[in-house]
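The values are calculated or read from the model by the stated rules, or taken from the named source; none is laboratory data. Since this is a predicted model, take the numbers as computed values, not measurements. Here Cβ is always computed from backbone atoms with ideal geometry, including for glycine, and neighbour counts include all displayed protein chains.
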Amino acid sequence: MKQNTYLAPTLRDIPSDAEVKSHQLMLRAGLIRQSTSGVYSFLPLGLKVLKKVENIIREEMNRAGAQELLMPAIQQAELWQESGRWEAYGPELMRLNDRHGRQFALGPTHEEVITTLVRDDVHSYKKLPMTLYQIQNKFRDERRPRFGVLRSREFLMKDAYSFDATAEGLDVSYEKMYDAYNKIFTRCGLDFRAVVADSGAIGGKETHEFMVLTEVGEDTIAYSDQSDFAANIEIAPVKVTYTKSDETLRELESVETPGKKTIEDVSSFLNVTKDKLIKSVLFIVDDEPVLVLVRGDHEVNDVKVKHLFDAQIVEMATEEETKNWMNCIPGYVGPVKVPKGVKVVADHAVEAIVNGVCGANEENKHFINVNVERDFSVEQFADLRNIQEGDPSPDGKGTIRFKEGIEVGHVFKLGTKYSEAMGANFLDENGKNKPMIMGCYGIGVSRTVAAIIEQHHDDDGIVWPATVSPFDIHLVPVNMKQEDQKNLAEELYDQLGEERFEVLFDDRPERPGVKFKDADLFGFPIRITVGKKASEGIVELKVRKTGETLEIHKDNLLDTIK
Ligand code: ATP
Ligand code: MG
Ligand code: MG
Ligand code: MG
């Protein structure tokens, strides 16, 4: 590629609106330009990196047996109403109308689309397990878009979804994705940790976040210096065990209790439509479980909730906390940051009660008052919010250290949340109809590019790991007006191209100082400078990372860089 007409505009000064290094460098090296708040264009250099990361992801997904497809970004509101997320997702969902007044969303994630797709075309256990993925732009109306493409409103994500016949199958599918993520982020040259994002608070389901350890991360990770223990400290993991046996549940369902209500009763009681009755949050206050119903943007009258659930309400989640909660990964409900003095948040147990025992689902349209001690127990095994640097690790191995992290990936065992809501069933070996067991797995592709820069730069610019560098080699003739330099540079450009190196040829009529500064800013692994010794066939090779330089004859060049 010839640089003179290449769209890679560099900036000398640090843009005043860019707080973090990756954002500054992406602007300065001409990788991105902002279009409007949280919306960016990737210029040719930036796109090349994006594609390299994308291809690493694609290779590892394919190796793990996942199949690539492409789903629409435009999703009809009906899909989201079916899953209950049209309301639940809140203001982060970008909504639009067509000319007929039908409502749509720009996909922030694709559980709804994939679940209906698989529901309509996969019907037997013989077709399972199956993992599908896509690499596509996602849209989220982030409350605070910032740090460039680290938190933008339109961004590139790889999202994968697994479908299994059994819980054990899901474990295997999850493990495969987990392993693939380790390979992907290693190949991207990142120093990362897979951290427990929430263990147990979601009713035995597992989730891990892949965190790139840097100073600018928005999350804080507590990790052991001697074991694999690592967790996001925003989360105080708890284990919620549902204590009722199936028999008791069935008994309960058949008993008329004064508290038993239909979903319609509840809706009219709370004066909301059914789809607004969403998830609940369980707080533990002084070892006392407290149930709170959260329903999107609307305020809930706590007295009514108390009455409804026969539970003690101490503090409602604030609007802000509700939003945090809603901002969690798609399909992931809770935990949220809780008010001071409140120790633990859980909610899947509660959800189980709302959807299962209390029957907010289609087959089972009634509510039964819930008694917390009677119906489930809560076992707290680590309260990470109180954990201090230097404390012993909860797993007994090593000492706790803190570090900031950027969430580049997230793997999550969804279970049957979407398959049940949207009727994605299959026939098992005995001909029995069952909901598919799902997992979902996201990687922020554009965020990963920025995270790589956060970990790979120096005072002069970016220092790309070779695996994701936009070009392998920056070929810089010092003075294009010197015939011997120009000729040698062109000869090398052709030769290197034939050997399949990706070369950016700085054929600009710029001063050497400008060229070298830009070369350092761009940060390709190798710079080949063609200067005064061109007439002797000698060039200078410079390693960006170490600054090492080496004079070398053109005939030995290929052997040296290979
Ligand atoms: P965050 O906690 O940073 O808001 P998230 O948990 O909401 O992220 P997920 O729903 O888990 O995000 O989406 C999968 C991946 O998509 C994330 O791990 C992250 O890498 C990426 N991602 C999410 N939101 C953004 C964003 N606004 N800009 C860029 N990448 C994002
Ligand atoms: Mg988010
Ligand atoms: Mg997150
Ligand atoms: Mg996440």
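Structure summary
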item: Criterion violated by L541 - all others in (1) more than 34 Å from the chain's Cα centre (by Cα); (2) more than 18 Å from V463 (Cα to Cα); (3) not in a helix (DSSP H, G or I) satisfied; result: (2)
item: Every residue from the stretch 493-505 that is surrounded by 22 or more Cβ atoms within 10 Å (Cβ to Cβ) and over 37 Å from the mean Cα position of the chain (by Cα); result: Y493
item: Candidate set from the stretch 406-429 (those that are within 16 Å of ligand 4 (Cβ to nearest atom) and among the β-branched types (V, I, T)); member that is farthest from K21 (Cα to Cα); result: V411
item: The one condition in (1) within 16 Å of ligand 1 (Cβ to nearest atom); (2) in contact with a strand residue (DSSP E or B) (Cβ under 9 Å, 6 or more places away or on another chain); (3) within 18 Å of M438 (Cβ to Cβ) that S83 fails to fulfil; result: (2)
item: Test: residue in the stretch 142-160 that is more than 26 Å from V20 (Cβ to Cβ), surrounded by 19 or more Cβ atoms within 10 Å (Cβ to Cβ) and modelled with pLDDT of 95 or more; result: yes
item: Which numbered condition F402 misses (of (1) farther than 30 Å from F139 by Cα; (2) at pLDDT 50 or above; (3) more than 26 Å from the chain's Cα centre (by Cα)); result: (3)
item: All positions within the stretch 440-460 that are more than 11 Å from I406 (Cβ to Cβ) and either surrounded by fewer than 21 Cβ atoms within 10 Å (Cβ to Cβ) or aromatic (F, W, Y) (or both); result: Y441, H457, D458, D459, D460
item: Residue in the stretch 91-112 that is surrounded by fewer than 17 Cβ atoms within 10 Å (Cβ to Cβ) and within 16 Å of ligand 4 (Cβ to nearest atom) present; result: yes
item: Selection within the stretch 23-51 - more than 16 Å from A8 (Cβ to Cβ) and within 18 Å of the chain's Cα centre (by Cα); result: G38, V39
item: Filtered residues of the stretch 414-464 (kept if outside any loop (DSSP other than H, G, I, E, B), of a type in the set (F, W, Y) and away from ligand 3 (no atom under 16 Å from the Cβ)); result: Y418, F426
item: Failed criterion for V449 (all others in (1) in contact (Cβ under 8 Å) with a residue 60 or more places away in the chain; (2) more than 17 Å from Y133 (Cα to Cα); (3) away from ligand 1 (no atom under 14 Å from the Cβ) hold); result: (3)
item: Number of positions in the stretch 430-479 that are of a type in the set (S, T, Y) and within 16 Å of ligand 4 (Cβ to nearest atom); result: 3
item: All positions within the stretch 485-509 that are farther than 25 Å from I32 by Cα and touching a Lys or Arg at 6+ places or on another chain (Cβ under 9 Å); result: Q485, L488, E491, L492, Y493, Q495, E499
item: Some residue of the stretch 197-206 being within 16 Å of I452 (Cβ to Cβ), modelled with pLDDT under 95, within 15 Å of ligand 4 (Cβ to nearest atom) and not in a helix (DSSP H, G or I); result: no
item: Qualifying residue in the stretch 510-532 (condition: over 30 Å from I32 (Cβ atoms), surrounded by 22 or more Cβ atoms within 10 Å (Cβ to Cβ), at pLDDT 95 or above and in contact with a Lys or Arg (Cβ under 8 Å, 6 or more places away or on another chain)); result: no
